[in-house]
Each structure stands twice: as C-alpha cells, then as structure tokens.
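Note sheet for the following structure.
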Amino acid sequence: MNKDNHDKIRKKYGSLVVDFVTAQSSDDAIYCLFQNLSLIFEYNDFFLQNAWNAFPRIKKLESSLNKIEKKIIALLNKRREFLSSLSYLLCTSLMEIKRYDRKNKLFTVLKGRVDERCNFQYFKEDVLSESSIKQYLNDNELNILKVYIETEEKILDFEKTFDGFDKINTIYINNIDIYWGHSEIEDIRWRIKLLLNGIASGRNLNESKIINRILLYYRECHPKIIISKDGILDEIPPFSEEALQEKPQLKMNNEETFSNWHMHYMIPVIYCLVQFLLTNQYPFLRLCDDCDNLYIKKNATTQRFCSSKCRMHFNSQKAIKSGKAKEYKRKKRLEGAKESYYG
Ligand SMILES: [Zn+2]
C-alpha cells in the first residue's frame, strides 16, 4: 500500500472512531461501527444485517416496554452504576458497598484487609449509617453519594406506586449482563471522546488518562504483520468479519462478575483509534466552530464545520449579529418579494 493510500485509510479509521463516540446511544454507536467497518474493510452485503442481529441491543430488549417502564430500567441501571463507582472509591479504604437499605438509610458494607502476602481479603460485613460512609469520601465523591441516594429514592417511589415494578425489576436482573456491557460501551465512548476533544484542542497525549488503557488493550489484541501480495509488509486487523457476526458470549457468573462481551465490539474501535493516532493526522481532527462536535476534516483546506448545515447556521447567526440579515430582508422587501422567500 503506498503512503497516500495508507494515510487515506487511516483517516477513515479516524472517522470511524469519531462516528462511534458522537452517536446518540450505545445501540446507534455500534450500528455506525458496523456500517463503517463494512465500508472500510469491504465486508459482504449481509454483514451489516447479520452483525446487527447478533448484537444485544437495548432497543430490541425494551421494544415491548412503555415510557415509564423504560424509565424504571434506566433508574435501576443508574443505581448499579453509582453503586459500583462508590465501591470503587471506597476500595482505597478497603471497603465495598454491598447493599443500601433505603427505608432506614443504612449501608451494608464488606470490609477487607490485606494479608501478609499483600492479597486483599474481605473479612466481615458491617452496617454503616449515611454519615459514617461520608467520612470516607471527599467533596467530589460525596456528590456521587448524593446522586446515588436520590436515585434510590426515585426507585422507592416507583416501587410503592407502580404496579408492574417487580416485573420490570425481573427483566432488568435477567438481562443485567446486557445492561452492564452497554454501560461499559458508554463509558469507553465517553473517555475516547474526551481524548479526541483534547487532541482537537491541541492537547498532548501525555495529558490523557485513557490512552494507556487503550494501548494496553491494543497490545493484547496482537494485530498480525504479514507480507502482502505486493511483497510489502502489511498488518491484518485483530478482528474478523465472521467473528463480528457471531453472538457474543453473555453470561452471568455471580452478582459481581460479568462477561466482557462488549470487548468483542471494542477491539475494532481500539484498533482504528491507535492506527489513526500512529499516523500524523491529528490536524485533521477538529471541533466544529458551530456545534462543537468532533469531526475529521476531509482535506487540508480550512474546513471549520462538521456539516454544511452547521456552516449555514453559523453564517446566518453571524449575519443576524452583524445586522446583515436585517439589511438583506429590508432590501428583499423593497424588491417586493414575499416574506417566506427570504425568511
Ligand atoms: Zn457542527
């Protein structure tokens, strides 16, 4: 592959990652990913449909639920996310939150200790009040606790007033692996977006926290180097058209461990991100001057907007501010045009 072609493809990899992080939801992000993979790697015509059918999407899971039921599921999921963040924060104090008793505002925690071989062990369960838990958290972390308790209270309201609560709770628990994987996808999307926003604003990779984790995953994926038909070295991506059409392994071992099924879909994103960053294409990554969204510039021109819609919106706002729009309208009115023609 010659250098121009190589750069062109790497730029497409960048677009794939940008589309992935700027999509509206985790379902949409994965659909965009399949579409882009299919185009870039020239997958067969059935790939998109097959891969999409195999992907455990939230929309499919919730297709028979109404608005309130979906809201309850979102709250239950939020509760799980906050609980796991809190446990993560408390682990430096060798503690993990197990349950929260909403009625009496009491936390059941697992307390741990480090043995002589530096292994961490849980050794007893304890019950702590809200104020005791607060002692272990700093101001920022207290905010997480606050939102967590608010979420618990909202759930309690639904539990008291909504008849089908138990049914919805069962749906959630039965599909917790799917919800967990989607939360992980959202988390990775959010972190990569921060990284790309930083790069587009001229920040150095040293300032990013996620890049080391990305590189760790990348090394684990082992992309293979081969000699291509043209007799030059080339790399085979560490994922395949076939594997992406298979249903990922969903399993629930116990309450605390989940299958890493979402990584099945993250590997192509991580691969494309690192490949994009390896080539010096950073100047092509930009933030739109109008909507602030990330995009990849098509060429070296001074493109400032992600879409023509944003360019038009920006220019019309500028015209309104400068009074040019008013002047234009006045002129058109004098010429006898109808309002709707120049509105
Ligand atoms: Zn824009």
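Once region 202-245 is narrowed to residues that are hydroxyl-bearing (Ser, Thr, Tyr) and at pLDDT below 90, the residue that is surrounded by the most Cβ atoms within 10 Å (Cβ to Cβ) is SER208. Checked against (1) surrounded by 17 or more Cβ atoms within 10 Å (Cβ to Cβ); (2) more than 25 Å from the chain's Cα centre (by Cα); (3) part of a helix (DSSP H, G or I), LYS8 passes all but a single condition, namely (1).
When the helices (runs of 4 or more DSSP H) confined to region 46-107 are screened for residues that are at pLDDT 85 or above and under 23 Å from THR151 (Cβ atoms), those reaching at least 1 such residues are found at 58-61, 67-90.
Condition check ((1) touching a residue at least 12 places away in the same chain (Cβ under 8 Å); (2) within 23 Å of ASP177 (Cα to Cα)) across all residues:
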site: ASN36; (1), (2): yes, no
site: ARG57; (1), (2): yes, yes
site: SER64; (1), (2): no, yes
site: ARG80; (1), (2): yes, yes
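The conditions of being crowded, with 18+ Cβ neighbours inside 10 Å, aromatic (Phe, Trp, Tyr) and touching a residue at least 60 places away in the same chain (Cβ under 8 Å) are not met by TYR100. Just one of the listed residues (LEU277, LEU294) is surrounded by 14 or more Cβ atoms within 10 Å (Cβ to Cβ), aliphatic (A, V, I, L, M) and away from the ligand (no atom under 16 Å from the Cβ), and it is LEU277. Of MET266, MET312, all but one fail to be part of a helix (DSSP H, G or I) and either within 12 Å of the ligand (Cβ to nearest atom) or among the acidic types (Asp, Glu) (or both); the exception is MET312.
Looking at LYS332, LYS321, LYS326, just one residue is basic (Lys, Arg), in a helix (DSSP H, G or I) and either within 12 Å of the ligand (Cβ to nearest atom) or at pLDDT 75 or above (or both), and that residue is LYS321.
Taken residue by residue, region 125-133 has no member that is under 32 Å from the mean Cα position of the chain (by Cα), of a type in the set (A, V, I, L, M, F, W, C) and either loosely packed, with under 14 Cβ neighbours inside 10 Å or part of a strand (DSSP E or B) (or both).
The values are calculated or read from the model by the stated rules, or taken from the named source; none is laboratory data. Quantities reported herein were computed from a predicted structural model and do not represent experimental measurements. As a convention, Cβ positions derive from the backbone with ideal geometry for all residues, glycine included, and neighbour counts pool all protein chains shown.
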